[in-house]
1. Could you tell me whether Asn58 is touching a residue at least 24 places away in the same chain (Cβ under 8 Å), under 23 Å from Met1 (Cα atoms) and surrounded by 12 or more Cβ atoms within 10 Å (Cβ to Cβ)?
2. Among the basic types (Lys, Arg) and surrounded by fewer than 11 Cβ atoms within 10 Å (Cβ to Cβ): which single residue out of Lys52, Lys45, Lys92 fits that description?
3. If I go through the range 68-93 residue by residue, how many of them are without any contact (Cβ under 8 Å) to a residue 40 or more places away in the chain and among the aliphatic types (A, V, I, L, M)?
4. Do we have Ala94 as within 20 Å of Glu24 (Cβ to Cβ), more than 11 Å from the chain's Cα centre (by Cα) and not charged (D, E, K, R) here?
5. Give the residues of the range 1-28 that are aliphatic (A, V, I, L, M) and touching a residue at least 40 places away in the same chain (Cβ under 8 Å), sorted by residue number.
6. With respect to the numbered conditions (1) touching a helix residue (DSSP H, G or I) at 6+ places or on another chain (Cβ under 8 Å); (2) of a type in the set (Val, Ile, Thr); (3) outside any helix (DSSP H, G or I), which one is the sole condition not fulfilled by Ile14?
7. Does Asn23 count as touching a Cys at 6+ places or on another chain (Cβ under 6 Å) and within 14 Å of Gln76 (Cα to Cα)?
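Read-outs: derived from the displayed coordinates by stated rules, not from any lab. Values in this document were obtained by computation on a predicted structure and should not be read as measured data. Don't worry about glycine lacking a Cβ; one is built from the backbone with ideal geometry, like all the others, and counts go over all protein chains shown.
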Amino acid sequence: MDISELQTAVDAWIKMHGVRYFNELTNMTILTEEVGELARVMARKYGEQSYKEGEKDNLAEELADVLWVLVCLANQTGVDLNEAITENFRKKTARDDNRHKKNPKLRRK
């Protein structure tokens, strides 16, 4: 599934099962909540924290939750994510074409 298909699929699901989109501010708050849940998993899986009893490694689920809400926000604000990411690649390439290659902090030791 590409990004356009994802946007279309999320929109169809919202219209069929979700009644309507939550408003933009609510979805922004939900996105923040989902990023927090992703951060919790990352801290336990890759950081120094350990899982609490009953917690599981659900990294894929949390990443998908973040993506879902991000797509909802794009849909309801009229952002074509295919166009946006294409432009983002263009901007980053123009700005950072050699920047990271020249960064001594990124050289392998």
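1. Details: touching a residue at least 24 places away in the same chain (Cβ under 8 Å): no; under 23 Å from Met1 (Cα atoms): yes; surrounded by 12 or more Cβ atoms within 10 Å (Cβ to Cβ): yes.
So Asn58 does not fit the description; no.
2. Going through Lys52, Lys45, Lys92 in turn, the sole match is Lys52.
3. First, the residues of the range 68-93 that are without any contact (Cβ under 8 Å) to a residue 40 or more places away in the chain: 70, 78-79, 83-84, 86-93.
Next, only the ones that are among the aliphatic types (A, V, I, L, M) stay: 70, 79, 84.
Qualifying residue count for the region: 3.
4. Numbers: within 20 Å of Glu24 (Cβ to Cβ): no; more than 11 Å from the chain's Cα centre (by Cα): yes; not charged (D, E, K, R): yes.
When the stated conditions are applied, Ala94 does not pass them.
5. Within the range 1-28, the first condition is being aliphatic (A, V, I, L, M), and the residues that meet it are 1, 3, 6, 9-10, 12, 14, 16, 19, 25, 28.
Across the range 1-28, the qualifying residues are Ile3, Leu6, Val10, Ile14, Met28.
6. Of everything listed in (1) touching a helix residue (DSSP H, G or I) at 6+ places or on another chain (Cβ under 8 Å); (2) of a type in the set (Val, Ile, Thr); (3) outside any helix (DSSP H, G or I), Ile14 misses just condition (3).
7. Working: touching a Cys at 6+ places or on another chain (Cβ under 6 Å): no; within 14 Å of Gln76 (Cα to Cα): yes.
When the stated conditions are applied, Asn23 does not pass them.
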